[in-house]
Amino acid sequence: QSEPLSEDQVLNNAGGFVFKVDDFTLLRRFIILGSDANNYYVSRKSVDLASAQCVVRLLAAGQGEAVVKEVVDISREGRAPKQATGIVVLAMCARLGDPATSRAALAAVPAVCRTASTLFEWVQRCKEVGAAAGLGGRTGKLSWGRAMRRTVARWYLDKTAAAVAYQATKYSQRNGWSHADLLRLAHPDPEEHAAKRRKRVADLKAVFAFLTHGTVPGQKQAPKHKKAAASDEAATDPAVKEEEADPQVVAQHEAATAAAVESALTLIRRHRFGHEHVGDTVLLRNPAVWGAFLENGMPLTAMIRNLGRMSELGLLVQPSYQKRVTDRLRDAKALTAARVHPMTLLDAMCTYRNGGGARGKARWNPVPAVTSALEDAFYLAFKNVVPTGKRYLLGLDVSGSMGCANCSGMTSLTARQAAAAVVMTLVRTEPWVKTMAFSHQLVEFDVRESDRLEEVVRRAERIPMGGTDCALPMIYATEKQLPVDVFVVLTDNETWFGGVHPTEALKRYRTAMKMPDAKLVVLAFSVNDFSIADPKDPGMLDVAGLDSAVPRVVADFARGGV
């Protein structure tokens, strides 16, 4: 690659020619990966604004409306594992763009911020971007101009009263903002927005009044200072404390609690509320309440996330609820409809089987029938993976540390289990996959579609270990003249390379095989960050850790979408 293949290629820092990475490519990387570099780190929690310089350059070049369209397209297609970066870009377009860009960004808010949680995040990012650019005045507060107020108001007014109530109960506040804050600042007027739909207007006005003042129609707003004073008096009055300890008072309190539970159960069943709508932590510790959620047909992903909690409360030892859960986990159509990825189920299965997660204090006794159903669901969910149609050569690290190191992002798994699951996903879904292992040299490691996870892990443990030279898969394919679209290296934290750098090995393979689009992905499961990929080479990707989004990121990269 010492000579360019076309005019679109530029000289890189290694002396070879690669396709130039333009600002729109960097923008797509930033929105999808969270960085304009070609890496995806599962442990990355915050948005790296330094990586958003591509957005600034595109806005300065008059490409703002195209930037907004890219954000909307990626959001609608679900290509970004996290919404945060797309929301930051949309905020930058709204606050820093020219008038046409700003209008386009504000008009795109409903398409990108589909939930109240993302709306709150967008408002906060607008505040931060404005403060950084000096648009908030000396106070650094968010400037609520007419366009900003109209955008937020329309977000509420374009919804039915029931939809607003649903969002308000599910996402009461996020990022330092609440519905009351936004309604007081935006002043949405249902009368002006829909004068002919009187019933809907009345309902919306009632919901807005409850969110801002805590009142329902016909009820006056309670004075907050009096309530606080009464509370303070009760806290300091010894007579009240003595009365609280009285057995009769305790009995009355228990009766009131039981009545509250019955009332909650009635409302949950009538309105099909989910656990997010119940803000009372006492109610959420009641097994009957979770039983009502299951009876309502709790969303499958929510049910999977809360299996530990329901087991802790003793609900899943009850035969009727246990059967509800296991039947749904084994329902292939339900798994497909919910688009549950095998990695999600693998993490849930290992966490549940361990009786507790790495984070949090919750502990439970796993129910064997539920563990078995999760395992069955894991294998059923492979049908949900959309193949890329590419040819893969996999290099698997079989060193001893793979069985000890926990996987970043899925701490209930070892790096070996994570690697085996990724291998199985590709073998079961892609048309051509060749699996190799890093031993004293690169050796064949045959994995079949029918193999179980435990079997793949055991066979990997039996292979004599060797150094993980990330260049060997490309060298092997070059020597054997194998046509490969994507090389994947799976390791824990050993991203060593020998006499040839992986970048150079990939370039040599591309030249020898006349395949300029061949790609390399290095998956290091037990590190927070590392760098092998040439940032100027769009055909290389570093991934640190594993979560359910990683297979989607890798597939998008293989198709050329990142």
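Quick one: what pairs do we get from region 493-509, first residue open to solvent by 60 Å² or more (accessible area, probe 1.4 Å) and modelled with pLDDT of 70 or more, second among the aliphatic types (A, V, I, L, M) and not in a loop (DSSP other than H, G, I, E, B), C-beta under 6 Å, 6+ apart or different chains?
Correct list of pairs: Asn493/Ala524.
What tally of residues in region 375-411 results from selecting those that are touching a Cys at 6+ places or on another chain (Cβ under 9 Å) and closer than 17 Å to Val340 by Cβ?
Number satisfying all stated conditions: 1.
So how many residues does region 105-118 have that are more than 22 Å from Glu65 (Cβ to Cβ) and buried (at least 20 other Cβ atoms within 10 Å of the Cβ)?
Number of matching residues: 1.
Check off (1) assigned to a helix (DSSP H, G or I); (2) polar (S, T, N, Q); (3) over 21 Å from Leu345 (Cα atoms) for Thr435 and give me the number that stays unchecked.
Going through (1) assigned to a helix (DSSP H, G or I); (2) polar (S, T, N, Q); (3) over 21 Å from Leu345 (Cα atoms) one by one, Thr435 breaks only (1).
Return the pair list, or none, for Cβ contacts closer than 8 Å from residues in region 154-173 that are part of a helix (DSSP H, G or I) to residues that are among the small types (Gly, Ala, Ser) and open to solvent by 50 Å² or more (accessible area, probe 1.4 Å), at least 6 apart or on different chains.
Qualifying pairs under 8 Å: Thr169/Gly279.
Being surrounded by fewer than 18 Cβ atoms within 10 Å (Cβ to Cβ) and in contact with a helix residue (DSSP H, G or I) (Cβ under 6 Å, 6 or more places away or on another chain) is the filter here; which residues of region 297-312 pass it?
Within region 297-312, none qualify.
Would you tally the residues in region 427-449 being more than 23 Å from Asp556 (Cβ to Cβ) and open to solvent by less than 90 Å² (accessible area, probe 1.4 Å)?
Total satisfying the criteria: 8.
If you take the residues in region 372-393 that are of a type in the set (Gly, Ala, Ser) and part of a helix (DSSP H, G or I), which one is surrounded by the most Cβ atoms within 10 Å (Cβ to Cβ)?
My answer is Ala377.
Being surrounded by 20 or more Cβ atoms within 10 Å (Cβ to Cβ) and closer than 21 Å to Val550 by Cα is the filter here; which residues of region 474-492 pass it?
Within region 474-492, Val484, Val486, Phe487, Val488, Val489, Leu490, Thr491, Asp492 qualify.
Which of the following residues is assigned to a helix (DSSP H, G or I) and within 25 Å of the chain's Cα centre (by Cα): Ala362, Ala419, Ala369?
The conditions single out Ala419.
Can you tell which of Ala533, Ala524, Ala549, Ala544 is within 25 Å of the chain's Cα centre (by Cα) and closer than 20 Å to Gly389 by Cα?
Ala549
Looking at region 46-59 only, could you name the residues that are open to solvent by 90 Å² or more (accessible area, probe 1.4 Å) and within 15 Å of Thr101 (Cβ to Cβ)?
Across region 46-59, the qualifying residue is only Arg57.
Taking the residues in region 462-473 that are in contact with a strand residue (DSSP E or B) (Cβ under 9 Å, 6 or more places away or on another chain) and within 19 Å of Ala418 (Cβ to Cβ) as candidates, determine which candidate is most open to solvent (accessible area, probe 1.4 Å).
Within region 462-473, the match that is most open to solvent (accessible area, probe 1.4 Å) is Met465.
Check whether at least one residue in region 132-148 is of a type in the set (A, V, I, L, M), part of a helix (DSSP H, G or I) and at pLDDT 90 or above, and report yes or no.
Yes, region 132-148 contains at least one residue that is of a type in the set (A, V, I, L, M), part of a helix (DSSP H, G or I) and at pLDDT 90 or above.
Which of the residues belonging to region 268-294 are open to solvent by 70 Å² or more (accessible area, probe 1.4 Å) and without any contact (Cβ under 8 Å) to a residue 40 or more places away in the chain?
Result: Arg269, Arg270, His271, Arg272, Asp280, Thr281, Val282, Arg285.
When residues of region 177-187 are filtered for being touching a Lys or Arg at 6+ places or on another chain (Cβ under 9 Å) and open to solvent by 70 Å² or more (accessible area, probe 1.4 Å), how many remain?
Residues meeting the conditions: 1.
If I filter region 510-525 down to residues being in contact (Cβ under 8 Å) with a residue 60 or more places away in the chain and not charged (D, E, K, R), which single residue comes out as farthest from Ala419 (Cα to Cα)?
The qualifying residue farthest from Ala419 (Cα to Cα) is Thr511.
The values are calculated or read from the model by the stated rules, or taken from the named source; none is laboratory data. Predicted model, so just to flag it, every value in this text is computed and none were measured. When we count neighbours, we look across all protein chains shown, and the Cβ atoms used for this are built from the backbone with ideal geometry, even at glycine. What goes into the accessible areas is simple: the full protein's heavy atoms, side chains included, and nothing from ligands, DNA or RNA. Shrake-Rupley method; radii C 1.70, N 1.55, O 1.52, S 1.80 Å.
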